[in-house]
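Enquirer: To start, I am sharing the structure in question, which I have written as structure tokens.
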Amino acid sequence: MTAVSEPTSESELAEAVAEARAARMPLAVQGRGTKSGIGRPAQTAATLSTVRMSGITLYEPAELVIGAKAGTPVAEIEAALAARGQMLPFEPIDYRPLLGSEGGPTVGGIAAGNLSGPRRISAGACRDSLIGVRFVNGRGEIVKNGGRVMKNVTGLDLVKLMAGSWGTLGVMSEVIFKVLPVAETTATLVLHGLDDARAIEALSTALGSPFEVTGAAHLPLGIDRVPTTLVRIEGFAPSVAYRSGRLRALLKPFGTGDVLEGAPAADLWRRVRDASFLAEPRDRAVWRVSVAPSKAAAALARLRGEGEIRHFYDWGGGLVWIALPAAGDAGAAAIRGALAGTGGHATLVRAPAEIRAAVDVFEPQSPALMTITEGVKASLDPDRLFNPGRLYAGL
Amino acid sequence: MGIAFPTPDADILARREAIVAGLARLLPPGGLVTSEDERRAFETDAFTAYRRMPLAVALPSSTEEAAAVMRFCHENSVKVVPRGAGTSLAGGAIPQEDAVVIGVSKMNRVLDVNFKDRTMRVEAGITNLAISNAVMHEGFFYAPDPSSQLACTIAGNIGMNSGGAHCLKYGVTTNNILGVKMVLVDGTVVEIGGDALDAPGYDLLGLVVGSEGQLGIVTEATVRILRAAEGARPVLFGFETSEQAGAAVAAIIGAGIIPVAMEFMDKPAIEICEAFAHAGYPLDVEALLIIEVEGSDEEMDFTLARIVEIARKHGVKTVKESKSAMETAAIWKGRKSAFGATGRVADYICMDGTIPTGRLPEVLRRIDEIVKGYGLRVANVFHAGDGNLHPLVLYDVNDPEEAHKAEEAGNDILRLCVEVGGCLTGEHGVGIEKRDLMNVQFDPVDLDQQMRVRGVFDRGWLLNPAKVFPLDRRITA
Ligand SMILES: Cc1cc2nc3c(=O)[nH]c(=O)nc-3n(C[C@H](O)[C@H](O)[C@H](O)COP(=O)(O)OP(=O)(O)OC[C@H]3O[C@@H](n4cnc5c(N)ncnc54)[C@H](O)[C@@H]3O)c2cc1C
């Protein structure tokens, strides 16, 4: 058991970091730890958690902005927003189904993981909505960057660096997001029986139309083993009716399909978001692949013959979730080999700790970028206190 | 004038001939500008009150040439100022006497268009509008649309993280770029990001966008392109007070409507722009909103009906819909030429602070007081949906005392923006213009942290070194 520190304020947080620094004690940085299974196992002596720093600090619906302390449960944020008909635009993934973890994810955690769901294709990623942060750096200093206004180019954008840094650059104490109204109506067009390449073509056709698609996914095994392709549109009721009609006509060459609405559709998109189709069997490794959509199906085809593989696509084909046996390198060499030359990259999001210690969980970078990466780490966390080795070995 | 430049390095000035000769060996004929006359075209940008003659201007035609120039400058400890089209309003591209300007304007080709993936690869010197023009035939466009889009380059847009009138819906530059090729200070070429929607490791792309030429020279970019809506229609809403206009904006957003654009003009701005563009702006109102919606005709009718209903509740005096493509063009011409049109009636400095929109009426009143306090006039245009203000402080450039007052008034306005919870710059960048106000928005630890990150890319402060960070406190590690 390692020691757990749970500061209740930003100044306590800064003190905790300063103490750890003085003691040269590396820290596992986390909210509630629902995603502690992601990344390389870090060598840490103690855990620093933001769970006791909780609460919404700012919410101005008319300004489309919400701020909260980093340990605030995502559920609390989403409830507050829903009460005013608003939402986090990027549809953050909930990793609990996939990782089998418990407890309520915190808002600091979704920022640190840059967790973005299906609406990323139209509303941007978590990093696009994150407009302000306060964090404690590895020197124990409280730093702020960005702010509460949605247009801000004052100085270097460290907010972007914090998004997706997986707690390796600083411990966020407060985050501020841009929000959007929840659409009045949602409709999902469903096409059946398309193979991967055709399905991605259909999704590209939909996304290249003027009809504002906000979700574009393909499930090769569908719900009842029939390949299923999903296209979501959102907005005011008359507009959704009009656009779904136009889209169906446009997608005619790919089949007639039907329209799904209400709770079943919402549930389906939640499963796409959380990759819960791949949650079982639990002993499989799960990868998340990011690639230009037009190159995705061919890359997947190159994986055939690598044993039992299941996969599905989000982001119009630009995000591929892959499950395969967690043996050997859990498919690392095969997947990265299949992506060679595509510009795509792969992240191992679920695997036993031994495998995560042995393979590159996050895609290795070019030597020049790795040098910059090491420099950035040193500029924020010179003594490698925060999650050492979690992102890259030696970082 | 109030803004200082560092004292030029006498050693570099003394070595000018050798440096120029060295650069000439790296560039084809026409790639190096050395004569005083020709260099003069590069001595300032759109922040014309300040100018400095550069040592020389390199205009590479390829990433390799840019890299060779960077390597040479690095080896010789020569400072470098990256430049696109030089339309920065913050003095971001203004050179200094001991620096070589590296301009990317010759690198302006489209390298690849991929409609299926909705991405496009371009050289960094291409203009913003040329990107959209290259894909218009398929109904696509590149979303961020600075009013300077005819001239400004994607390199400069990346440098400043530029925005535009339609950013309320589509986001600013950083939300629409997927990757860049960049030459580091020592001539190393790196690819950051790519053509996928996210990239491994730290978000270095997010760091580079808006870094004002301090981290490297961007030579290529992969941008997202979008399919344009079926139609777009701007509507003019005239109000008797800016309070009413501000309340209407809040109520529209509160009703769950995010128009593509919501632009505000006050009376002086309306008059100036109408005289220039003959767009049919109402002249008997104190505040004008241009609200644009998109979609099919029926969809636009529907959304506009809702917006009009809200505006009526907030006492709108005139509502005027565009009835034709020509009227639409005139409405936008008026707004997009606001700066140019103002320039025809007076000299001006253009501020760019952002404020929480809820503070709008109060801030407008106080801006008026500030400017009147200096005995000057102000015209206000701004992006109402996101609180990005552009007060244009009018003055006479031939009157040094007035020029000084205008600068002081501008600084007071920016202090006010920070005081109410906003920031110094929403889209134009810090450059030299707001450099010495950075301490108003940031504490020393905030700036030190930014400089430490900057130092990862440029230990020796060779890249655009006079910008962004106050001169009196500079660190690298
Ligand atoms: C009339 C007018 C209207 C304007 N309207 C808007 C508007 O609506 N929205 C808005 O956001 N801005 C606006 N601007 C400001 C300006 O046009 C933008 O900042 C624009 O992005 C600058 O582009 P540029 O090519 O002229 O870059 P420059 O002015 O040449 O450079 C801008 C910055 O980018 C850096 N830079 C240039 N090239 C590179 C490179 N290759 N690599 C790295 N760094 C580089 C420079 O060092 C500098 O710091 C307006 C300006 C004018 C004059």
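Bear in mind these aren't lab numbers, they're just calculated from the coordinates by the rules spelled out. On a predicted model such as this, the values are computed, not experimentally measured, just so you know. We place every Cβ from the backbone using ideal geometry, glycine too, and count neighbours over all the protein chains shown.
Enquirer: How would A:LYS69, A:LYS295 line up from fewest to most surrounding beta-carbon atoms within 10 angstrom? Show your work: numbers first, answer last.
Expert: On the way: A:LYS69 24, A:LYS295 21.
Sorted ascending by nearby Cβ count, the order is A:LYS295, A:LYS69.
Enquirer: Sticking with this one: Among A:42-52, B:350-360, how do they line up by average Cβ neighbours within 10 Å per residue, starting with the highest? Could you put the intermediate results ahead of the total?
Expert: Values: A:42-52: 19.2, B:350-360: 24.9.
Top of the packing list down: B:350-360, A:42-52.
Enquirer: Which value, in debye to the nearest 20, describes the size of the charge dipole of the stretch A:1-134 about its Cα centre when Lys and Arg Cβ atoms bear +1, Asp and Glu Cβ atoms bear -1, and nothing else is charged?
Expert: On the way: 13 positive and 13 negative charges, 84 e Å.
Taking the Cα centre of the stretch A:1-134 as origin, the dipole is about 400 debye.
Enquirer: If you find the alpha carbon centre of the stretch A:1-32 and of the stretch A:335-390, how far apart are they in angstrom?
Expert: Rounded to whole Å, the Cα centres lie 24 Å apart.
Enquirer: I need the fraction of alpha carbon pairs in the stretch B:238-285 separated by more than 14 Å, rounded to a whole percent. Provide the component values of the computation, followed by the final result.
Expert: Values: 639 of 1128 pairs.
Tail fraction, whole percent: 57.
Enquirer: Averaged over A:315-325, how many beta carbons belonging to a partner chain fall within 10 Å of each residue's beta carbon?
Expert: Counting other chains' Cβ atoms within 10 Å and averaging over A:315-325 gives 2.
Enquirer: I need the phi-derived Karplus couplings for the stretch A:125-138: 6.51 cos²θ - 1.76 cosθ + 1.60, θ = phi - 60°, integer Hz, Gly and Pro marked x.
Expert: Values, residue by residue: 7, 3, 4, 7, 8, 6, 10, x, 9, 10, 8, 9, 8, x Hz.
Enquirer: While we're looking at this one, here's another question. At a Förster distance of 41 Å, what's the computed FRET efficiency of B:LEU150 paired with A:ALA241, Cβ-Cβ distance as r, to 0.05? Before the final figure, lay out the partial values.
Expert: On the way: r = 39 Å, r/R0 = 0.95.
FRET efficiency, B:LEU150 to A:ALA241: 0.60.
Enquirer: Between B:ALA305 and B:MET136, how many nm apart are label points set 7 Å from Cα along the C-beta direction?
Expert: 3.3
Enquirer: Ok, one more. If one takes the longest principal axis of the Cα atoms in chain B, at what angle in degrees, from 0 to 90 and to the nearest 10, does the Cα axis of helix B:325-336 lie?
Expert: Computed tilt is about 60 degrees.
Enquirer: Evaluate the distance, in nm, between pseudo-label points positioned 7 Å from the Cα of A:VAL226 and of A:GLN43 along their respective Cα→Cβ axes.
Expert: 5.5
Enquirer: Moving to a separate point now. Mind checking which of B:VAL100, A:PRO388, B:SER132 is farthest towards the positive end of the protein assembly as shown's charge dipole, using Cβ charges of +1 (Lys, Arg) and -1 (Asp, Glu) about the Cα centre?
Expert: After comparing all options, I get A:PRO388.
Enquirer: Would you mind computing Rg(Cα) / (2.2 N^0.38 Å) for the protein assembly as shown, counting N as its residues? Please list the in-between numbers first.
Expert: Working: Rg = 26.5 Å, N = 872, 2.2 N^0.38 = 28.8 Å.
This ratio for the protein assembly as shown stands at 0.92.
Enquirer: Relative contact order for the stretch A:185-274: what is it in percent, counting Cα pairs under 8 Å that are at least 6 residues apart?
Expert: On the way: 137 pairs, mean separation 37.1, N = 90.
That works out to 41 percent.
Enquirer: Given a 10 angstrom Cα cut-off, can you work out which residue in A:ASN152, A:ASN114, A:ASN137 is the most mobile in a GNM of chain A?
Expert: A:ASN152
Enquirer: Quick check on the stretch A:91-179: take the gyration tensor over C-alpha atoms, sort the square-rooted eigenvalues as a ≥ b ≥ c, and tell me if it's rounded (a/c under 1.5), prolate or oblate.
Expert: Details: a/c = 2.34, a/b = 1.26, b/c = 1.86.
Cα axes put the stretch A:91-179 in the oblate bin.
Enquirer: In nm, to one decimal, how far is the B:ARG377 label point from the A:SER366 one, both placed 7 Å along Cα→Cβ?
Expert: 5.4
Enquirer: Measure nothing fancy, just the Cα-based angle from helix B:444-457's long axis to the longest principal axis of chain B, in degrees from 0 to 90, nearest 10.
Expert: On a 0 to 90 degree scale, this one is about 50.
Enquirer: If you don't mind, there's one more thing I want to ask. Can you give the direction-averaged projected area of the convex hull of the alpha-carbon atoms in chain A, in nm²? Let's see the in-between values first.
Expert: On the way: hull surface 75.7 nm².
Average of the hull's projected areas for chain A equals 18.9 nm².
Enquirer: Could you pull out every one of the lysines with an alpha carbon less than 29 Å from that of B:LYS467, ignoring same-chain neighbours closer than 8 positions?
Expert: Straight-line reach from B:LYS467, under 29 Å: A:LYS144, A:LYS151, A:LYS160, A:LYS178, A:LYS377, B:LYS79, B:LYS106, B:LYS181, B:LYS336, B:LYS405, B:LYS434.
Enquirer: Take the alpha carbon gyration tensor of the stretch B:280-323, find the square roots of its eigenvalues, order them as a ≥ b ≥ c, and report rounded if a/c is under 1.5; if not, report prolate when a/b exceeds b/c, else oblate.
Expert: On the way: a/c = 2.79, a/b = 1.57, b/c = 1.78.
Oblate shape, in that a/c is at least 1.5 and b/c is the bigger or equal ratio.
Enquirer: Skipping prolines and chain starts, which residues have an amide H placed within reach, meaning under 5 Å, of the one on A:GLY132, given they are 5 or more residues away or on another chain?
Expert: Under 5 Å from the amide H of A:GLY132 lie the amide H atoms of A:GLY147, A:ILE176, each far enough along the sequence or on another chain.
Enquirer: Cut-off 18 Å, label point 7 angstrom out along Cα-to-Cβ of B:LYS267: give me the residues of the stretch B:334-366 whose amide nitrogen falls inside.
Expert: Zone members listed by number: B:361-366.
Enquirer: To continue, here is another question. Given charges of +1 on the Cβ of Lys and Arg and -1 on the Cβ of Asp and Glu, with all other atoms neutral, how large is the dipole of the protein assembly as shown about its Cα centre, in debye to the nearest 20? The partial results should precede the final answer.
Expert: Working: 88 positive and 104 negative charges, 340 e Å.
For this selection, approximately 1640 debye.
Enquirer: Same structure again: Using alpha carbons only, how many angstrom separate the centre of the stretch B:286-336 from the centre of the stretch A:137-212?
Expert: Between the Cα centre of the stretch B:286-336 and that of the stretch A:137-212, the gap is 30 Å.
Enquirer: Answer with one residue from B:VAL33, A:VAL171, B:GLY340: the one whose Cα lies farthest towards the positive end of the charge dipole of the protein assembly as shown, charges on Cβ with Lys, Arg +1 and Asp, Glu -1.
Expert: Checked the options; the winner is A:VAL171.
Enquirer: Run lengths n ≥ 4 of DSSP H only: what is the helix-derived mean residue ellipticity at 222 nm for chain B, with -39500 (n - 2.57) per run over all residues, to the nearest 500? Intermediate results must be reported in sequence, preceding the final value.
Expert: Values: 17 runs with 168 residues, N = 477.
After summing the helix terms and dividing by residue count, I get -10500 deg cm²/dmol.
Enquirer: Let me ask something else. If the only charges are +1 at each Lys and Arg Cβ and -1 at each Asp and Glu Cβ, what is the size of the charge dipole of the stretch B:110-227 around the Cα centre, to the nearest 20 debye? List each step's numbers first, then the result.
Expert: On the way: 7 positive and 12 negative charges, 76 e Å.
The dipole of the stretch B:110-227 has a size of about 360 debye.
Enquirer: So, one more: Looking at the square roots a ≥ b ≥ c of the eigenvalues of the Cα gyration tensor of the stretch A:185-274, which shape do they give, rounded for a/c under 1.5, prolate if a/b is larger than b/c, or oblate? Before the final figure, lay out the partial values.
Expert: Working: a/c = 1.74, a/b = 1.17, b/c = 1.49.
Judged from the Cα gyration tensor, the stretch A:185-274 comes out oblate (a/c at least 1.5, b/c at or above a/b).
Enquirer: For the stretch A:78-100 and the stretch B:119-186, compute the distance between their C-alpha centroids and round to whole Å.
Expert: Cα centres, the stretch A:78-100 to the stretch B:119-186: 31 Å.
Enquirer: With r as the distance between the Cβ atoms of B:ARG25 and B:VAL110 and R0 = 30 Å, compute the FRET efficiency 1/(1 + (r/R0)^6) and round to 0.05. List each step's numbers first, then the result.
Expert: On the way: r = 30 Å, r/R0 = 1.01.
After rounding, the FRET efficiency stands at 0.50.
Enquirer: Something else now. If amide hydrogens are placed 1.01 Å from N in the peptide plane, which non-local residues have theirs closer than 5 Å to the one on A:GLN86?
Expert: A:VAL182
Enquirer: Hey, another quick one. Provide the percentage of antiparallel DSSP beta bridges, counting only those with both residues in the stretch B:10-103; round to the nearest 5.
Expert: Working: 2 of 10 bridges.
In the stretch B:10-103, approximately 20 percent of DSSP beta bridges are antiparallel ones.
Enquirer: When only Cα pairs under 8 Å and 6 or more residues apart are kept, what is the percent relative contact order across chain A?
Expert: Numbers: 864 pairs, mean separation 75.4, N = 395.
Once divided by the residue count of chain A, the mean separation gives 19 percent.
Enquirer: So if each residue of separation counts as 0.36 nm, and I subtract the Cα-Cα distance between B:GLU419 and B:SER324, what length gain in nm does that give? Present the calculation step by step, with values, prior to reporting the outcome.
Expert: Values: separation 95, 0.36 × 95 = 34.20 nm, distance 4.28 nm.
Going from the current span to full extension adds 29.9 nm.
Enquirer: If you don't mind, there's one more thing I want to ask. Short version: ³J(HN,Hα) in whole Hz for each residue of the stretch B:359-376, in order, from phi by Karplus 6.51 cos²θ - 1.76 cosθ + 1.60 (θ = phi - 60°), x for Gly and Pro, what are they?
Expert: Here the 3J(HN,Hα) series is 8, 3, x, 4, 5, 4, 5, 6, 4, 4, 4, 4, 5, 4, x, 9, x, 10 Hz.
Enquirer: On alpha-carbon atoms, Rg over Rh for the stretch B:113-195 using Kirkwood Rh?
Expert: Dividing the radius of gyration by the Kirkwood radius yields 0.97.
Enquirer: Before anything else, pin down the relative contact order of chain B: Cα pairs under 8 Å, at least 6 apart, normalised by residue count, whole percent.
Expert: Working: 1011 pairs, mean separation 68.4, N = 477.
14 percent.
Enquirer: Give me the number: length gained by fully extending A:GLU78 to A:GLU354, i.e. 0.36 nm times residue separation minus the C-alpha to C-alpha distance, one decimal in nm.
Expert: Details: separation 276, 0.36 × 276 = 99.36 nm, distance 3.55 nm.
In short, 95.8 nm is gained.
Enquirer: Hull surface divided by four, with the convex hull built on the Cα atoms of chain B: how many nm²? Can you show the working numbers first?
Expert: Values: hull surface 88.8 nm².
Seen from a random direction, the Cα hull of chain B projects 22.2 nm² on average.
Enquirer: Related question: Averaged across B:426-438, how many Cβ atoms of other chains sit within 10 Å of each residue's Cβ atom? Can you show the working numbers first?
Expert: Values: counts 6, 3, 1, 3, 4, 0, 0, 0, 2, 0, 0, 1, 2.
Average per residue, whole number: 2.
Enquirer: Answer with one residue from B:ALA90, B:GLY373, B:THR318: the one whose Cα lies farthest towards the positive end of the charge dipole of chain B, charges on Cβ with Lys, Arg +1 and Asp, Glu -1.
Expert: B:ALA90
Enquirer: Report the FRET efficiency, 1/(1 + (r/R0)^6), for B:GLU408 and B:GLU38, where r is their Cβ-Cβ distance and R0 is 41 Å, rounded to 0.05. Display every interim value, and only then the final one.
Expert: Numbers: r = 35 Å, r/R0 = 0.86.
The formula returns an efficiency of 0.70 here.
Enquirer: Given chain A, what percent of its DSSP beta bridges are antiparallel, to the nearest 5?
Expert: Details: 58 of 66 bridges.
Once the DSSP bridges in chain A are tallied, antiparallel ones form about 90 percent.
Enquirer: Still on this structure, please answer the following. Please compute the average number of Cβ atoms from other chains found within 10 Å of each residue's Cβ in peptide A:288-299. Don't skip to the end; give the middle numbers.
Expert: Working: counts 1, 1, 6, 5, 11, 8, 6, 4, 2, 0, 0, 0.
Across A:288-299, the average partner-chain Cβ count within 10 Å equals 4.
Enquirer: If the reach is capped at under 16 angstrom between alpha carbons, list the lysines near B:LYS323, excluding any in the same chain fewer than eight residues apart.
Expert: B:LYS333
Enquirer: Would you mind checking which residues have amide H under 5 Å from B:CYS152's amide H? H placed 1.01 Å from N; only 5 or more apart, or other chain.
Expert: B:ASN128
Enquirer: Placing one identical point scatterer on every Cα of the stretch B:1-77 and ignoring solvent, what is log10 I(q)/I(0) from the Debye formula at q = 0.12 Å⁻¹?
Expert: -0.38
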